[in-house]
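Encoded as structure tokens, the structure appears first; notes follow it.
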Amino acid sequence: MSKKILVLGATGEIGGRIARLAVDAGHQVCGVSRGLNHREQVDLTGVEMLIGDKSDETFVRDKLAKMDIDVLIDSVPNIKNIESYSKYLKQVKNFFFCSSTGTFVPLQYFPADEKHPWRDETAVNFYSQSVRDAYILELWKKEKFPGTIFRPTNIIGQGRVPLELWGARDIEFFRKLKRAETITIAPCEHIMVQSGYNWDLASAFVKAIDQPEAVRGEIFIISCKHAITLGQYLQTAIDFLGSKSNIEHCPAEKLKDIYPEVTMKFRMDFLLQPMCLDISKAEKTFGYAPTRTTQEGLIEALQWCKNTGLL
Ligand SMILES: NC(=O)c1ccc[n+]([C@@H]2O[C@H](COP(=O)([O-])OP(=O)(O)OC[C@H]3O[C@@H](n4cnc5c(N)ncnc54)[C@H](OP(=O)(O)O)[C@@H]3O)[C@@H](O)[C@H]2O)c1
């Protein structure tokens, strides 16, 4: 059944794809952004675009509250946004929020599922996202605020430089591989990584629209189906680029002596966390069915880097 969907962040990597797929699924879609994002966007034909700042309470109160919305999807939510939605948008039947599996780390068992601990601050987790997610679930418990939390793993696919083995999205890593230059990495090839293909991640939000009751007050992990090792990830890039690079190793803390930008906090320390997640709750609840493996998503991202002249 066609619903009225509002996508906040509709020009972003995930938000844009959600808006696209929601139109394709027959929904009436309105997208919001401030008009500041100049990265490549997907085709938003059929999405009614609105310029506005979701952090401006008057915009939420005077504009969004007057729209007849069934489902609000916020791809980059913060607590202040959620406060104003719960105050002014009482008529909305479902709120979908994009969070991150970075809330769970370090993982205590594999594959980690939604029951894995995430509320406490650790040395490496995205604690501010944990605080926000706890706030959403508390609102559900106290006021039946119909929020749903989607937690993607690191995003991969066309449109953005993919994760590399210095723990960020530095195109120079892949350029060096292509130029057959020696690359130094931490000894991390045994560590598990599990990316999420951008179109598949977006499809989860759109599929969940059809299960409004089952998803309220719930968290869902969304990702490619299986983890691989960083060694397999690197080999995929090497094969795709036909690289003849020599791979050398040094302790992660010493990488900055060679590459000054490669820091530990929220970068190498995060890459070195084994990531292996269970997506079966999303599969069972709303039929999430990822179409790409991490390797296939990486190849699409690298092909996009080539096509756009980045590589
Ligand atoms: N990158 C990863 O590997 C990764 C992994 C796990 C989870 N995540 C999560 O995935 C989400 C990222 O989504 P994304 O990739 O689609 O982000 P993105 O590409 O950076 O897009 C953000 C969108 O939000 C809009 N926006 C930002 N602030 C706004 C405001 N105040 N009012 C209205 N619109 C606003 C931006 O447009 P304007 O700037 O023009 O307003 C843009 O359309 C985040 O929640 C992140 O935590 C990311």
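The numbers here are math on the coordinates, done by the rules we state, and not lab data. Note that the coordinates shown come from a computational prediction; the quantities given were computed from them, not determined experimentally. A quick note on method: Cβ atoms are made from the backbone with ideal geometry, for glycine too, and the neighbour counts reach across all protein chains shown.
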Please report, to one decimal in angstroms, the Kirkwood hydrodynamic radius of the range 140-204 built from all distinct Cα-Cα pairs. 14.8 Å
Any idea what the relative contact order of the chain is, in percent, if you count C-alpha pairs under 8 Å spaced at least 6 apart? 19 percent
Based on DSSP loop calls and a cut-off of at most 16 other Cβ atoms within 10 Å, the longest stretch of the chain free of exposed GluC sites (Glu not before Pro) is what? 41-120
Trypsin sites (Lys or Arg not before Pro) within the range 63-136, DSSP loop, no more than 12 other Cβ atoms inside 10 Å: K90, K115, R119
Cross-link reach from K90 to lysines, straight Cα distance under 27 Å and at least 8 residues apart if same chain, gives K3, K4, K54, K63, K66, K80, K141, K142, K144, K207
Please state the Cα pair-distance histogram of the range 55-119 with 10 angstrom bins from zero: what percent is in each bin? 19, 40, 22, 16, 3
Given axes a ≥ b ≥ c from the Cα gyration tensor, I'd like to know whether the chain is rounded (a/c under 1.5), prolate (a/b larger than b/c) or oblate. prolate
Set Lys and Arg Cβ to +1 and Asp and Glu Cβ to -1, take the dipole of the range 155-271 about its Cα centre, and tell me which of F173, I155, L271 lies farthest positive. F173
Distribution of pairwise C-alpha distances over the range 76-222, 5 Å bins, in %: 2, 8, 16, 18, 18, 14, 10, 7, 4, 2, 1, 0
Give me D for the range 240-292 in µm² s⁻¹, whole number, from Stokes-Einstein with Rh from the Kirkwood sum over alpha-carbon pairs, 25 °C and 0.890 mPa s. 165 µm²/s
What is the distance in Å between the Cα centres of the range 131-146 and the range 4-60? 24 Å
Enumerate by residue number the trypsin sites (Lys or Arg not before Pro) in the range 244-284 meeting two conditions: DSSP loop (anything except H, G, I, E, B), and at most 15 other Cβ atoms within 10 Å of the site's Cβ. K244
Ratio of alpha-carbon Rg to the 2.2 N^0.38 Å globular estimate for the range 1-137, to two decimals, please. 1.13
Over the chain, the sum of -39500 (n - 2.57) across DSSP H runs of at least four, divided by residue number and rounded to 500 deg cm²/dmol, gives at 222 nm -9500 deg cm²/dmol
In whole Å, how far is the Cα centre of the range 230-296 from that of the range 174-205? 4 Å
